[in-house]
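Peer 1: The following block contains the structure, expressed as structure tokens.
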Amino acid sequence: MRPFAEKFYSSAAWRRTREAYAASRHRLCELCLSPADVVHHVRRLTPNNIHDASVTLSWDNLQLLCRRCHAEQHAPGGALACARAPVAFGADGGVCPPCGAGTFAHVAPALELKFYARRKKIRERGPG
């Protein structure tokens, strides 16, 4: 943790926001649907925005991630890495195992679009 952010990350406001956001996402990674415990700031916190609640506490700037996806977000060139999902749905609607390629190549394109549309809708719902 960077020194300028230590006070913020130990604040009651952050702890409440982090817990409420994680619960609203059913504690599942928003990228791969694995169990998640890291509430990530999409727009990175800086000394210039650390006191701006519209950046630090806004659900529009948060993303719940598993530790692996969070590490990939912060890896060099890793923004929005990790497209793998633990399960996918086949054309018949049944659950099928991951293809191992890290994509939904084996899934009907319409179902892939439904998956991403649903994830976007859940994210847009926000607090409440």
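Peer 1: For a quick check of your reading: which helices (runs of 4 or more DSSP H) sit entirely within the stretch 1-87 and have at least 1 residues that are modelled with pLDDT of 95 or more and on the phi < 0 side of the Ramachandran plot?
Peer 2: Qualifying helices (runs of 4 or more DSSP H): 6-9, 12-24, 53-56.
Peer 1: Right, something else. Quick check on my filter: what residues within the stretch 1-33 are small (Gly, Ala, Ser) and under 22 Å from PRO47 (Cα atoms)?
Peer 2: Passing the criteria: ALA5, SER10, SER11, ALA12, ALA13.
Peer 1: Sticking with this one: Inspect the stretch 1-22 for any residue being without any contact (Cβ under 8 Å) to a residue 60 or more places away in the chain, within 19 Å of ALA75 (Cα to Cα), out of contact with any helix residue (DSSP H, G or I) (no Cβ under 9 Å at 6 or more places or on another chain) and outside the structural domain of GLU124 (by TED's automatic domain parsing) and give the result as yes or no.
Peer 2: yes
The values are calculated or read from the model by the stated rules, or taken from the named source; none is laboratory data. Since we're looking at a predicted model, the values are computed, not measured. Quick reminder, even Gly has a Cβ in these numbers, built from the backbone with ideal geometry, and neighbours come from all protein chains shown.
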